Every structure is written in structure tokens, then in C-alpha cells.
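Q: Dropping a structure here in C-alpha cells format, bear with me for questions.
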Amino acid sequence: MSDYDVIIIGAGMGGAASAYALSKRGLKVLILEAGPTYNPATDYHLNQPDWEKKRFPFKPNSQGKYTFGTEQVLDDTKWSKLRSWNHQLGLINITSKRKFAAYHHVRGVGGSTLHFTGEAHRLHPEAMQMYTHFGVAADWPLTYAELEPYYVQAENLIGVAGDNSGVRQRSAPFPLPPHAPSYAEQILAKGFNKLNLSWTPNSLAVLSKPYANRPACNYCAACNLGCPRSDKGSADVTFIHAALQTGRCEIKTGVQVLRLETDKNAKISSVIIADNKGQHKFNAPLYVLAAGAIETPRLLLASEVGDDSGQVGRNFMETLFHTSLALHPEPLGSHRGLPSGFICWDYNAPDAIPNIIGGCRFSPAVAEAGFIGAGQYATRVISGWGRKHKQAMRQSCANVLGITGIGEFLPNKDTYIDLDTKQTDEHGIPLARIHSQLTELDKQRLSFIANTNTAILHASGAEKTFERYSNYDFFNTTHVFGTCRMGIKADNSVVNANLRSHRWQNLYIADASVFPSSGGGESPSLTIAALALRMAEFI
Amino acid sequence: MNRRLLLQRLLGGSLLISAGWMLKSIFLPVTNHEKLIWRSWIDHLIPTDQTPGALDLEIDHKLWQEAEQDIAVLVLVRQGCSWLNQVALQNYNLSFVELNETQANTIITFATQSPFHYLPNRFFRYSHLRAMQLYYTDPRSRIGTVWEQTPQPIGFINYQQRCTHV
Ligand SMILES: Cc1cc2nc3c(=O)[nH]c(=O)nc-3n(C[C@H](O)[C@H](O)[C@H](O)COP(=O)(O)OP(=O)(O)OC[C@H]3O[C@@H](n4cnc5c(N)ncnc54)[C@H](O)[C@@H]3O)c2cc1C
Ligand code: SF4
């Protein structure tokens, strides 16, 4: 007999929302989380004089290890304009290959939402039917309408601020009014207006008014370094907090699940874990795997808990993005505000970019590119040295304007996760190995984004572009999806529409790995939460 | 001296530094003079004016310590210092530490304009990047800048308004 009804592996957005929904339904939940707990009030450094040096406070075990496959050769004859570049440093990647930089993530209670920007997006309904309409990726086995009530639940629990006249069909208003754009964003918006591009306040998991005993945002722009006020709706201060309040949810941190064990009845029988006291076994009637789109397939593959389709680890999708940054003559003070206060959805539909399948979206990018502190300005923006440099720093009004476009990444056969054949972690478990290749279609989409970024900056009156970077010449990803895709059939998907494994009757997967397609630049966390809330109703 | 001419001569000078000489020199113990050159170089990159300079915040010392942790960086730093001194001697008949601001700036300009993968350029890029990063993450450096205030605890509730700094 187990003390728990369900074991959840991972306390990121997927695990947290699952824990909340299942414990609210009366189930006794145990969350096993490999990383540590963060206390927003004491762990984040934004009120300390050397905050820029400290950045996000990664603690021991708060990042996983992984390796990379073969680097893709860059096709500069066609796409050299997409190379990452800075006016001071020149080309950032001087080789002829696409370099593997980083999979940005946090291990801990809250997972990667601890340093996320807080965008809370609903998917474009058509982006969920990419195979039917365009013959690419795979269809979601459920419709936007089926997911919509769970989006509402997630938005209400998190306290999402947004504009009700936005682009998606909604059955209920946002719980909070939208944030007003910063001064720099008002200037950037002029560029959109000139080009007849529409924009709307971004829907954000950032409180525009006090909500659920959390204060409103005070616009410090540093969300990616951890929000000490807890107004940013990371999973720890929202779903985990609510789950713990039920009295039926327990979290064990610093516990890495090493293996899932199975029985002859096509069920998971137990999990083997390692903590600072050694290795142990836990069991429960139900298991929810929510270790994220890279660790979830790793754990399944390492446990040899595959499926009949051979799809575990396949269809990996990363963040397709291009960012341009320029100086503007206006005294912008662009270190203030929110990282991404407004958004343009005009090209978000999968057929919105002329002659290119897959959509994209555009939003401001100054804070996400790191331009909130003096250190970045001194090295990436202001040229020179000596007295002139110091003078220029003192005269600067933080005049950077930035724009990012994020687009659909379509699955391809060369982009997947498998187990490294040589490198293991300290417990002897093979590391996840990331394979990533961009297709011609991805590069075309990227090129469209790059050109649009340039046009927007120009139209907004920016004077000198000083930096461009993209995932053309670097694997450098914040959103990862798709390595245990959901679908109707067991021969081409890993879980069904309710996130239950086709193969293992008591195993559910509730993280970004179930996405059959990435969407046209929508940020994934709200969809991960909505899927998990829906799953809990079908368990 | 005509700046252009000097640059041409400096370029010649840098190519004359033989790889063998460089390699041999890095196995020699670090001298006080090398450290003084480094100190002077960092001082020229971020001098004291109405706000503290890099030396006031001991950036030279911190970066030297950092270089000692990584042999590749230490080699770059020591080679860079050797190069600085050699160029100063060739062109001004003075050690780098004795140069005035204009003379030092001429050499720095040359370093920035030398080809990307050449020692002077790599040395400049490395030391400029690290010195600026370290210097500006110290709050004493930010006096009088738009970044004087930390992001929290009060945030920027005036974020919708035009920036009034300067
Ligand atoms: C800088 C940055 C900005 C972002 N901005 C946004 C944004 O604005 N909006 C948005 O929607 N998304 C954003 N994202 C992406 C978003 O954070 C992730 O998509 C989302 O958090 C993924 O949730 P998840 O539950 O799938 O996985 P994760 O957040 O990765 O959570 C998985 C958890 O499982 C744990 N785990 C893994 N393996 C094991 C194991 N073997 N045993 C026990 N525990 C394990 C991990 O420690 C982790 O805590 C951003 C990401 C980054 C890095
Ligand atoms: S901008 Fe708002 S949400 Fe982001 S860290 Fe600052 S206070 Fe928190």
C-alpha cells in the first residue's frame, strides 16, 4: 500500500498544475523534484547592489546536464544575413557550423518558470491542426474549444493580465486588466503603426493589481532573474502554493528519479530515486511524468519504458527566434517596464507569412536580451574606452530598442533527443543528447522574421542597429517541446488527448513534451498548465 | 606623431613578435613590471574622473587573480602586456607604464583595429569585456548613470514616462 494516490515527477509548470488539480480533486499527491526550492524574498538579488553580477541565482543541482549531437553546417551562401553579430564583437560565431550554446532552464520547485518572462499565451486554434491543413507536424488530438475552459482556469489561478479584445476566442475575461506599455514600447509601437502592423498588450502572468495575496508588479523589467515580489506567476507561487494549501500535496526536493519500473500488467510499478541519503523506491497507483521535454524522454529511454511507436524523444522542437537591437535618439529608459509588454499576432496563423508554412509573432526584446543593467550597455552597446566611454555611460538614457520574433519550429527527422552513448550523470544514467537541425523552411521563416524586425526598428526611428542574434547559427533555446507527442493513434504518438500513455495504463505525461506542434511563437506555459488541468479531470 | 603612420609601424611591430619568444616568456615567473603594465592598461581602459576608476575598485587585481585561475587567459594577459610594452618602447622609447593618456590611447586604438584573431585585438577584447563587466556591476561605478538605482525594492513605476536622466 502506498501513502500516495499519485506520484508526480517534476515541479515545473506541468507538474505543478497537475499537483494542484489532482490534490484539489482529493487525491494524495507526492511531487518528486530534482532541484531545490527557491524563496523569492531571500533568494533573488534584485535589491542588492551587485544584482547584475549575481544574475539568476542558480543553486547546486538547479541545472541538468546534457550533451549535443552533430553540429549542422551553416549555409551562408543563402543565409549569412541571419548570423549573430554585435558591432563591438563582430560575428559571434566565427565558425562554419551551427554551435550548440544552451538549453536554458532551471531545476527546482517551479522549474523553468522561475526565470521565465511570464508570457501567458493561448495557442492559435489552426496551429493545432498543422497536419490536416498543411501536411506538416501532427494534429493535436483535441481542439482549442476543448482546451479553452482549462485556459480560463489556469489564467484565473495564475492571475493573468490581458486585453479582452485580444485575438483568441474567450469564454471569460482575463482576471486582471492589461499592463500599459513602457515609454520605450510606446516608441517601438510607432514603428508597428507605420507599417500597419497591429499590436495589443501582451497577456502576462504578471499581476497588474494585487491578487491572491500577491502584490502588483512595480516594473523593474528583471523577470528573468527571478521576481522577489512574487507578482510574477511562476509555478511555485501559483499552482504549487495552491496545491500545498489543500493539505494533500507533499513535495520532496533534491530527489532525482532515476528509473521507472514496470510490471506485467502494462503498468508502472514504482520509481527508483536518489537523494542525499542514497537510493530508494516509491510507488503509487498513478504516475505523472512532468520532467520537461528533454528530461522526460531521457527518463523513459533510460528506464527502457518505451512505447510501441518508437516516438519517445522524436519530434523535438526548439525556439525559432531572431532578435534585433538598435539605438534610438529618444531618452527611452528602456531598462524599465516589463520584458515583453506588447505583442503583434498579425503573422501568428500558420498561413499568415506569405508562401511560408508556420506562423510567428513579434514583441519587444530589450530586457530578455539582457539590457537592464549597466554591464551589458558598457560591453555591448557603448563603444570605446577611457574617459569618453565613461562619459557616454553617464549620458546614456538606456536608449536601446529591441524586437524579437519567435516562430513555429516544425519537427524534422534530424531533431530529436536520445541518450548519450558515453556520458552519464553521477548516478550512471546516460545524459540526454540534443540533436537539432534547421530545415530550409525554418530558415525562410527566420529570414522573414529578421527582415520584419529590421523594418520595425527602422520605422520606429531607431538609428543604429548594434546587435542581431538568432538560432540560425546557435542552438540557444528557452522553449522546448514535442518529444512525447500526443495523438490519437498509438503508432505515431506517445500519449492520448488526456495525456495518458498509450502503452502504460497508469502513466501520464504532463509537460511540454506532449506538444504535437510548437505553435506560431506562442509561449507554452499556459498551454502546459491547461493540458495538465484537463488531464486531472480524466484521471 | 602622425597617427596613421604610427598605426602602420605598430602593425609591423606586432608581426615581428615571434611565436618562440612569446612561448618562452610565459614560462618565466611573473614580474612586478608585468603587473604594473597590466595595472596601467586597465587604468587607461577605465580611468578615474568624477567617478571612481577601475583601479579604485581594484579591477586590475581581481582580473589578474581571475587570469591566474585559467592558464589560457593568463597566457593571453601576459602576452598582451609584453606586446604593450614592446610597442611602447619601439614607438616612444618608454615603458607602457610611463606613457601619457594620448600615447596609450594610440596604442589601444591600434589594438582595436588590428585583425580580429591577432593578439592585440584579442587582448583588447578580453580585457575590455571583463573589466567593463566587473567595473559596472559594482555600484560605485554607477553613480550618476541611469542605472544608479537597483531594480528592486521600488522598481520603476514611472516606466511609462520619458526618461528624465541628463
Ligand atoms: C529565460 C526563459 C524565459 C521563458 N519565458 C517564457 C514565457 O514568457 N512564457 C512561457 O510560457 N514560457 C516561457 N519559457 C518557457 C517555460 O519556462 C517552459 O516552457 C516551461 O516552464 C516548461 O515547463 P515543463 O513543466 O514542461 O518543464 P520544466 O519547467 O523544465 O520542469 C521540469 C521539472 O522537472 C524536474 N526534473 C527533471 N528531471 C527530473 C528527474 N529525473 N527527477 C525529478 N525531477 C526532475 C526539473 O528539475 C524541473 O523542475 C521561458 C523559459 C526560459 C528559460
Ligand atoms: S517586472 Fe514585475 S514581475 Fe517582473 S520581476 Fe519586476 S516586479 Fe516582478
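The values are calculated or read from the model by the stated rules, or taken from the named source; none is laboratory data. Quick caveat, the model's predicted, so the values are computed rather than measured. Methodologically, a virtual Cβ is constructed for each residue, glycine included, from the backbone with ideal geometry; neighbour enumeration extends over all protein chains shown.
Q: So in the range A:112-132, with the set limited to residues that are out of contact with any strand residue (DSSP E or B) (no Cβ under 8 Å at 6 or more places or on another chain) and farther than 17 Å from A:GLY521 by Cβ, which one is farthest from ligand 1 (Cβ to nearest atom)?
A: Of everything passing the filter in the range A:112-132, A:LEU114 is farthest from ligand 1 (Cβ to nearest atom).
Q: Which members of the range A:245-268 meet the condition of being touching a helix residue (DSSP H, G or I) at 6+ places or on another chain (Cβ under 9 Å), assigned to a strand (DSSP E or B) and more than 12 Å from ligand 1 (Cβ to nearest atom)?
A: Answer for the range A:245-268, where residues must be touching a helix residue (DSSP H, G or I) at 6+ places or on another chain (Cβ under 9 Å), assigned to a strand (DSSP E or B) and more than 12 Å from ligand 1 (Cβ to nearest atom): A:CYS249, A:GLU250.
Q: (1) surrounded by 18 or more Cβ atoms within 10 Å (Cβ to Cβ); (2) farther than 30 Å from A:LEU300 by Cα; (3) more than 21 Å from the chain's Cα centre (by Cα): which one isn't true of A:LEU446, the others all being true?
A: Failed condition: (3).
Q: So, one more: Take A:GLU52 and decide whether it is closer than 30 Å to A:ILE268 by Cβ and of a type outside the set (Val, Ile, Thr).
A: No, not satisfied.
Q: Return only the number of the condition from (1) more than 8 Å from chain A (Cβ to nearest Cβ); (2) under 29 Å from A:ALA41 (Cβ atoms); (3) in contact (Cβ under 8 Å) with a residue 12 or more places away in the chain; (4) not hydrophobic (A, V, I, L, M, F, W, C) that B:GLU148 does not satisfy.
A: Checking B:GLU148 against (1) more than 8 Å from chain A (Cβ to nearest Cβ); (2) under 29 Å from A:ALA41 (Cβ atoms); (3) in contact (Cβ under 8 Å) with a residue 12 or more places away in the chain; (4) not hydrophobic (A, V, I, L, M, F, W, C), the one that fails is (3).
Q: May I pose another question? So if I check each of A:GLY35, A:GLY15, which one is closer than 14 Å to A:VAL106 by Cβ, at pLDDT 95 or above and part of a helix (DSSP H, G or I)?
A: A:GLY15
Q: Quick test for you: out of A:VAL237, A:VAL167, A:VAL271, pick the one residue that is crowded, with 16+ Cβ neighbours inside 10 Å, away from ligand 2 (no atom under 16 Å from the Cβ), more than 14 Å from chain B (Cβ to nearest Cβ) and not in a loop (DSSP other than H, G, I, E, B).
A: Sole residue among the options that is crowded, with 16+ Cβ neighbours inside 10 Å, away from ligand 2 (no atom under 16 Å from the Cβ), more than 14 Å from chain B (Cβ to nearest Cβ) and not in a loop (DSSP other than H, G, I, E, B): A:VAL271.
Q: Return only the number of the condition from (1) more than 16 Å from ligand 2 (Cβ to nearest atom); (2) farther than 17 Å from A:ALA290 by Cβ that A:ASP43 does not satisfy.
A: Here A:ASP43 meets the rest and fails (1).
Q: Being without any contact (Cβ under 8 Å) to a residue 60 or more places away in the chain, assigned to a loop (DSSP other than H, G, I, E, B) and either facing chain B (nearest Cβ under 7 Å) or within 26 Å of the chain's Cα centre (by Cα) (or both) is the filter here; which residues of the range A:373-404 pass it?
A: A:TRP385, A:SER396
Q: With the condition kept exactly as written, say whether any residue in the range A:150-160 is within 16 Å of ligand 2 (Cβ to nearest atom), part of a loop (DSSP other than H, G, I, E, B), touching a strand residue (DSSP E or B) at 6+ places or on another chain (Cβ under 8 Å) and not polar (S, T, N, Q).
A: Yes, that holds for at least one residue.
Q: Out of (1) assigned to a helix (DSSP H, G or I); (2) away from every other protein chain (no Cβ under 14 Å); (3) out of contact with any helix residue (DSSP H, G or I) (no Cβ under 6 Å at 6 or more places or on another chain), the odd one out for A:LYS443 is which?
A: The single condition A:LYS443 does not satisfy is (3).
Q: Just checking, which of A:ALA180, A:ALA127, A:ALA189 is assigned to a helix (DSSP H, G or I) and more than 19 Å from the chain's Cα centre (by Cα)?
A: Only one candidate qualifies: A:ALA189.
Q: Also: For the structure I just gave you, tell me whether A:ALA242 is buried (at least 18 other Cβ atoms within 10 Å of the Cβ), away from chain B (no Cβ under 14 Å), assigned to a helix (DSSP H, G or I) and within 14 Å of ligand 1 (Cβ to nearest atom).
A: no
Q: So, of the residues in the range A:468-487 that are away from ligand 1 (no atom under 14 Å from the Cβ) and of a type in the set (Phe, Trp, Tyr), which turns out to be farthest from the other protein chains (Cβ to nearest Cβ)?
A: A:TYR472
Q: Since A:GLU250 meets every condition but one in (1) within 16 Å of ligand 2 (Cβ to nearest atom); (2) over 24 Å from the mean Cα position of the chain (by Cα); (3) not β-branched (Val, Ile, Thr), which condition does it not meet?
A: Condition not satisfied by A:GLU250: (1).
Q: May I ask you to list the residues in the range A:1-12 that are surrounded by fewer than 21 Cβ atoms within 10 Å (Cβ to Cβ) and either among the aliphatic types (A, V, I, L, M) or at pLDDT below 95 (or both)?
A: Across the range A:1-12, the qualifying residues are A:MET1, A:SER2, A:ASP3.
Q: Separate question: Under the condition of being within 12 Å of chain B (Cβ to nearest Cβ) and without any contact (Cβ under 8 Å) to a residue 60 or more places away in the chain, which residue from the range A:204-221 is nearest to A:SER165 (Cα to Cα)?
A: This residue is A:ALA216.
Q: Let me ask something else about it. Identify the residue in the range B:107-129 that is more than 9 Å from every other protein chain (Cβ to nearest Cβ) and buried (at least 19 other Cβ atoms within 10 Å of the Cβ) and, among all such residues, is farthest from B:ALA54 (Cα to Cα).
A: Residue satisfying both the conditions and the ranking: B:SER114.
Q: Something else: Looking at the range A:105-155 only, could you name the residues that are β-branched (Val, Ile, Thr) and more than 19 Å from A:LEU533 (Cβ to Cβ)?
A: Going through the range A:105-155, the residues β-branched (Val, Ile, Thr) turn out to be A:106, A:109, A:113, A:117, A:132, A:136, A:143, A:152.
Once the filter is applied, which keeps residues that are β-branched (Val, Ile, Thr) and more than 19 Å from A:LEU533 (Cβ to Cβ), the range A:105-155 yields A:VAL106, A:THR117, A:THR132, A:VAL136.
Q: Looking only at residues that are small (Gly, Ala, Ser) and in contact with a Phe, Trp or Tyr (Cβ under 7 Å, 6 or more places away or on another chain) in the range A:354-372, which one is nearest to the other protein chains (Cβ to nearest Cβ)?
A: Looking at the filtered set, the residue picked out is A:SER363.
Q: Ok, one more. Which condition does A:THR113 not pass, out of (1) of a type in the set (Val, Ile, Thr); (2) away from ligand 2 (no atom under 16 Å from the Cβ); (3) touching a Gly at 6+ places or on another chain (Cβ under 9 Å), if it passes all the others?
A: (2)
Q: Can you name the residue in the range A:327-347 that is touching a Leu at 6+ places or on another chain (Cβ under 6 Å) and away from chain B (no Cβ under 12 Å) and is also nearest to A:ILE456 (Cα to Cα) among such residues?
A: Filtering first and then ranking leaves A:CYS344.
Q: Another question, then. If I filter the range A:188-203 down to residues being crowded, with 22+ Cβ neighbours inside 10 Å and within 14 Å of chain B (Cβ to nearest Cβ), which single residue comes out as nearest to ligand 2 (Cβ to nearest atom)?
A: Within the range A:188-203, the match that is nearest to ligand 2 (Cβ to nearest atom) is A:PRO201.
Q: Could I ask something else about it? List, please: which pairs have Cβ atoms under 9 Å, are six or more places apart or on different chains, and start with a residue in the range A:98-110 that is under 18 Å from A:THR296 (Cα atoms) and without any contact (Cβ under 8 Å) to a residue 40 or more places away in the chain and end with one that is among the β-branched types (Val, Ile, Thr) and surrounded by fewer than 24 Cβ atoms within 10 Å (Cβ to Cβ)?
A: Close Cβ pairs satisfying both conditions: none exist.
Q: Of the residues in the range A:491-508, how many are surrounded by fewer than 19 Cβ atoms within 10 Å (Cβ to Cβ) and under 21 Å from A:PHE316 (Cβ atoms)?
A: Total satisfying the criteria: 3.
Q: Give the range A:46-61 a look and list any residue that's within 16 Å of ligand 2 (Cβ to nearest atom) and either of a type outside the set (S, T, N, Q) or more than 8 Å from chain B (Cβ to nearest Cβ) (or both), or say none.
A: A:LEU46, A:TRP51, A:GLU52, A:LYS54, A:ARG55, A:PHE56, A:PRO57
Q: Here's another thing I want to ask about it. I'd like to verify a number: residues in the range B:71-105 that are within 12 Å of chain A (Cβ to nearest Cβ) and surrounded by fewer than 20 Cβ atoms within 10 Å (Cβ to Cβ), how many? Quick ask: steps written out before the conclusion?
A: In the first step, residues of the range B:71-105 are kept if they are within 12 Å of chain A (Cβ to nearest Cβ); the result is B:101-102, B:104-105.
After this cut, where a residue has to be surrounded by fewer than 20 Cβ atoms within 10 Å (Cβ to Cβ) as well, the list is B:101-102, B:105.
Final tally of qualifying residues: 3.
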